[in-house]
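The values are calculated or read from the model by the stated rules, or taken from the named source; none is laboratory data. What you see is a predicted model, and the numbers here were worked out from it, not measured in a lab. Ideal geometry is used to build each Cβ from the backbone, glycine not excepted, and the neighbour counts take in all protein chains shown. Please note that ligands, DNA and RNA were not included when accessible areas were found on the heavy atoms of the full protein model with its side chains. Shrake-Rupley method; radii C 1.70, N 1.55, O 1.52, S 1.80 Å.
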Amino acid sequence: MLVREPILSYDLVSMAQPLVKWSVQLQHVEEIPVIVPRAFKVAQDAPRGPVFIALPSNVIDQQADLRLPGPSTAYRRNRPDPEGIAAAAALLAQAQHPVIICGDGVAASQAQAELVQVAEQLGAQVWHTVLFGALNFPNTHPQYRGELPGEHAAIRRALGNADVVLAIGAELF
């Protein structure tokens, strides 16, 4: 009687593909200096998201004298729609109790100073999104209120009587 053992073959790149922005498998250790910087670029390009690099055991076992290139300069600011800017400016100019919710896109765009300037001009309270990993607004600034709570009713209470909410660098939905 011939018994065949089941062969389990996992294509990790295909499995990861629906969950990430970019998925790749290294074939040789020498690909690292090309693939790793590209992975960081793809992950940081809008919309930001995860990437997947599969390292098969033959690549893990290889040794090489590699030099990764230094970080590249990335310009990630998009050009806003002039009509949208005018509409937002009109809403903010009329606001009695504006609130700003900021996220890690502020630090990613290196726009902390601009955010402080806007908040001060508006007299707006500034809140961080629920999960943040960068210094987007100085936590010692008198207009800084902290991290928003994670529950909807608590967020409504925290925002109080806000009549305009401006989200900057935040993924809210």
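Assorted remarks:
- Using the Cβ of Q63 as centre and a radius below 15 Å, the other residues enclosed give a net charge of -3, where K and R count +1 and D and E count -1.
- Using the Karplus relation 6.51 cos²θ - 1.76 cosθ + 1.60 with θ = phi - 60°, the per-residue 3J(HN,Hα) values for region 81-92 come to 6, x, 5, x, 4, 4, 5, 5, 4, 5, 4, 5 Hz, with x marking Gly and Pro.
- Karplus (6.51, -1.76, 1.60) ³J(HN,Hα), θ = phi - 60°, over region 33-47, in Hz, Gly and Pro reported as x: x, 8, 6, 4, x, 5, 4, 5, 5, 4, 5, 8, 5, 5, x
- GNM flexibility winner over the chain from S14, S57, S23 (Cα, springs under 10 Å): S57
- Global geometry of region 20-75, whether rounded, prolate or oblate, following the gyration tensor of its Cα atoms and the 1.5 cut on a/c: oblate
- Close amide H contacts of I101 (hydrogens built in the peptide plane, cut-off under 5 Å, sequence separation of 5 or more or a different chain): W127, L166, A167, I168.
- Debye intensity ratio I(q)/I(0), log10, the chain, q values 0.10, 0.13, 0.19, 0.20 Å⁻¹ (C-alpha model): -0.58, -0.81, -1.23, -1.31
- Listed residues R145, R48, R79, most fluctuating in the chain (Gaussian network, C-alpha, under 10 Å): R79
- For D65, the accessible area of its heavy atoms, probed at 1.4 Å with every protein chain present, is near 130 square angstrom.
- For the chain, a crude dipole built from +1 on the beta carbon of Lys and Arg and -1 on the beta carbon of Asp and Glu, taken about the Cα centre, is about 180 debye to the nearest 20.
- Percent accessible area from carbon and sulfur atoms, region 81-130, protein chains only, probe 1.4 Å: 55
- Per residue value of the accessible surface for the chain (all protein chains in place, 1.4 Å probe), Å²: 72
- Charge-dipole axis of region 42-173 as Lys and Arg at +1 and Asp and Glu at -1 on Cβ define it, positive-most pick from G123, G70, L159: G123
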